[in-house]
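Take this structure first; my questions come after.
The values are calculated or read from the model by the stated rules, or taken from the named source; none is laboratory data. From a predicted model like this one, the values you see are computed outputs, not experimental measurements. Note: ideal-geometry Cβ built from the backbone for every residue, glycine included; neighbour counts use all protein chains shown.
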Amino acid sequence: MRLKPRFPGVFLAAFLVLAGAASAQQFVTLGTAGVTGVYYPAGGAICRLVNLGRKDHGIRCLVESTGGSVQNANSVRDNTLDFAIVQSDIQAASLQGTGAFAAEGPDTELRSLFSLHAEPMHLMARAEAGIKGPEDLKGKDVNIGNPGSGTLVMADLLLKYTGLSSDDLSLAADLSSTEQVPALCNDKLDASIWVAGLPNASTQEAVSTCDIRLVPIAGDAIDKLLAENPAYAAAVIPGGLYQGNPDDVPTWGPKATVVTSARMPEEVVYTIVAAVFDNFEDFKKLHPALERLTPQDMIKEGLTADLHPGALKYYREQGWL
């Protein structure tokens, strides 16, 4: 059920004029991903701070669980989401009309607000599966991510640079983050590829439920992948972060970014951005993945699409740009 009406050609022209109507409310939606990842609580943190000031600005922010980055980018494009969290590589592909967006073409109206946490790829494998690197996935039962997710895009890329494809797997499952742990721990999968911030509930559940190892993703193939795909960077999952995995695990990944459309009114975007950065110390406490963020990194790293004018106005007022 939609929580607000949509009108052709008019974006967010629902209940009120923002200025003055403190007693009325305007609803905006923020698309995230599955509830066991980091997008959902990160989106909740943003909406929580927006909603604290709704009596003053009249905006109420609602978090929506979705299939992930590709779905979110498409939903911003077609006006079924107002804001969304997407991987930095998915943001770039949507803006350029490449990869998963080749059929739709470039989304020239995509705009950035800020970036969030880094998102390392987790290659989670049952200890007895004998998987010590991505090349060992051949002939295995592997979850490569649900349709519409950034994980699926990255899993395909990992297999390609490893010299494999989904056809080389005994099973290429398309499970969501909530489905992957029962499948792993019930011996229906040998491994699962999962892209998320640190720490995340799905990996924590996996390592605490059964004997799961985080497999290193490094080597010449990954070096080549990163050299040819600048939307990604090398990353590390710190040793001891997850139960039963005491050593640092080298890997790679994108950043999470918050996006909207150029059609979104400037004052609405300004309100969202101000809610986060005016309460920045509180924001960082709302999830461990947000603890190390700095405003300077958030407005520069991982953003391919131009900053929305509402965000740009706020950052210039702070002297950050």
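Regarding region 140-160, can at least one residue be identified that is in contact with a Gly (Cβ under 9 Å, 6 or more places away or on another chain), of a type in the set (S, T, N, Q) and modelled with pLDDT of 95 or more?
no
Does Ala305 fit the bill of being in contact (Cβ under 8 Å) with a residue 60 or more places away in the chain, in contact with an Asp or Glu (Cβ under 7 Å, 6 or more places away or on another chain) and surrounded by 22 or more Cβ atoms within 10 Å (Cβ to Cβ)?
No: the conditions fail for Ala305.
While we're looking at this one, here's another question. Failed condition for Gln71, given (1) part of a helix (DSSP H, G or I); (2) among the polar types (S, T, N, Q); (3) more than 21 Å from Trp194 (Cα to Cα), with all others met?
So Gln71 meets the others, but not (3).
I'd like to check something: does region 100-112 contain any residue that is in a helix (DSSP H, G or I), at pLDDT 95 or above and in contact with an Asp or Glu (Cβ under 9 Å, 6 or more places away or on another chain)?
yes
From the list Asp190, Asp107, pick out the single residue that is under 30 Å from Leu307 (Cβ atoms), surrounded by 21 or more Cβ atoms within 10 Å (Cβ to Cβ) and among the acidic types (Asp, Glu).
Asp107
If I go through region 58-69 residue by residue, how many of them are surrounded by fewer than 21 Cβ atoms within 10 Å (Cβ to Cβ) and either of a type in the set (Lys, Arg) or touching a helix residue (DSSP H, G or I) at 6+ places or on another chain (Cβ under 7 Å) (or both)?
Residues in region 58-69 being surrounded by fewer than 21 Cβ atoms within 10 Å (Cβ to Cβ) and either of a type in the set (Lys, Arg) or touching a helix residue (DSSP H, G or I) at 6+ places or on another chain (Cβ under 7 Å) (or both): 3 in total.
Please return the ranges of strands (runs of 3 or more DSSP E) entirely within region 211-304 where 2 or more residues are over 30 Å from Glu109 (Cα atoms), at pLDDT below 95 and touching a strand residue (DSSP E or B) at 6+ places or on another chain (Cβ under 9 Å).
233-237
Filter region 122-156 for residues that are aliphatic (A, V, I, L, M) and surrounded by fewer than 20 Cβ atoms within 10 Å (Cβ to Cβ) and give the result.
Matches in region 122-156: Ala127 only.
Still on this structure: Please name all residue pairs, on different chains or six or more residues apart, with Cβ atoms under 6 Å, provided the first residue is in region 162-177 and is over 27 Å from Glu228 (Cβ atoms) and the second residue is charged (D, E, K, R) and at pLDDT 95 or above.
Short answer, once both residue conditions are applied: Ser170/Lys140; Ser170/Asp141; Leu171/Asp141.
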